[in-house]
1. Testing ILE172 on (1) modelled with pLDDT under 95; (2) surrounded by 20 or more Cβ atoms within 10 Å (Cβ to Cβ), one condition comes back false. Which one is that?
2. Check segment 212-221 and report whether any residue there is of a type in the set (Lys, Arg) and within 27 Å of VAL300 (Cα to Cα).
3. Among the residues of segment 169-190, how many are under 20 Å from TYR151 (Cβ atoms) and touching a helix residue (DSSP H, G or I) at 6+ places or on another chain (Cβ under 9 Å)?
4. Between a first residue in segment 127-142 that is surrounded by 22 or more Cβ atoms within 10 Å (Cβ to Cβ) and a second residue that is outside any helix (DSSP H, G or I) and basic (Lys, Arg), which pairs have beta carbons less than 6 Å apart while being 6 or more apart in sequence or on different chains?
5. Restricting to segment 241-288, give me the number of residues that are of a type in the set (D, E, K, R), at pLDDT 95 or above and over 17 Å from the mean Cα position of the chain (by Cα).
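The values are calculated or read from the model by the stated rules, or taken from the named source; none is laboratory data. Since the structure is predicted, the reported quantities are computational estimates derived from the model, not experimental observations. Glycine gets a Cβ as well: all are built from the backbone with ideal geometry, and neighbour counts include every protein chain shown.
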Amino acid sequence: MDCCLHVILGFSLCFIAVFPHLSHSSRQSSLWNGNKEIKTSILKLTTNSLSTPIDPTRVTQISWHPRVFIYRNFLTNEECDHFISLAKDSLEKSMVTDLETGESIESEYRTSTGAFLVKAQDEVVANVEARIAAWTFLPEENGEPMQILHYEHGQKYEPHFDYFMDKINQEIGGHRVATVLMYLSDVDKGGETVFPRSEAADSQPKGDDWSNCAKDGYAVKPRKGDALLFFSLHINATTDRLSLHGSCPVIEGEKWSATKWIHVRSYDSIPSAEKCIDMYPECSSWAASGECDKNPSYMVGTEEYVGHCRKSCNVCS
């Protein structure tokens, strides 16, 4: 694996571990807790001409094996609601990747619905993508388009890995090195994100307010605005088998989330509009399910953005 990847991964881990002391610019702010003044650090990182504030006091490391971090109130309520509004009218059955062929297939292991957004689809999406890059210290161009997911009663995603087993999906951007999972809603009960192999699993107390699924590992309850960052690769770029994770069934209420998968290399190798190709193996199945009409910006493209599945959507001249 390219040595640059090792540098990026190593730097990302160090940055998160000692967050308050690493920044391009920082300022001290004061908070009052009764009569006691509390000093906090707010990092201002510039990404794509956006001044992106990152507050390290909201970040907690919850596991080293695998590497998992939670950022409280990463999104505002308005951003959460906006993401839901962008996706709610174009939700489709969520798919999984066939381990051998790399094709997208339906599976009882994943029963949610979802929709992909377009990168920098609007100002809100662009700002959040810049914030993710600033927090993770991983380039924006390495990220996939954001996927919005909806889980209703009983819906789930069984434990799985985010890195790829097949070679086909590794051709564009390589392995997924990290995932940022953002919770867009609270869940009355269930819907936790669980890491069955986490070293912290046995040290986490759980009462009756946790689902049985969550008791099988270290678990995180969905809380509107929070973001979960976890790494699927070790610092030496080998796959981390401890990164196994799943979404527990929703017991009461519903769950909305947004996922940003980040690769080891650029994911933005978009072809010119003159080339009639599909970017991904799953394009044909997406087209067959009607995505060309339901999600044309992503599938076909716009005047400013070349679509990912032009060949399967039969739009080439």
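1. Here ILE172 meets the rest and fails (2).
2. Taking segment 212-221 first, the residues of a type in the set (Lys, Arg) are 215, 221.
Filter again for within 27 Å of VAL300 (Cα to Cα), leaving none.
No, because not a single residue in segment 212-221 is of a type in the set (Lys, Arg) and within 27 Å of VAL300 (Cα to Cα).
3. Our first condition is that a residue be under 20 Å from TYR151 (Cβ atoms); within segment 169-190, this holds for 179-190.
Then drop every residue that is not touching a helix residue (DSSP H, G or I) at 6+ places or on another chain (Cβ under 9 Å), which leaves 179-180, 182-185, 190.
Going through segment 169-190 one residue at a time, the tally reaches 7.
4. Within 6 Å, the pairs are ILE132/LYS260.
5. Just the residues of segment 241-288 that are of a type in the set (D, E, K, R), to begin with: 241, 252, 254-255, 260, 265, 268, 274-275, 278, 282.
Next, only the ones that are at pLDDT 95 or above stay: 241, 252, 254-255, 260.
Those left that are additionally over 17 Å from the mean Cα position of the chain (by Cα): 241, 252, 254.
Here the count works out to 3.
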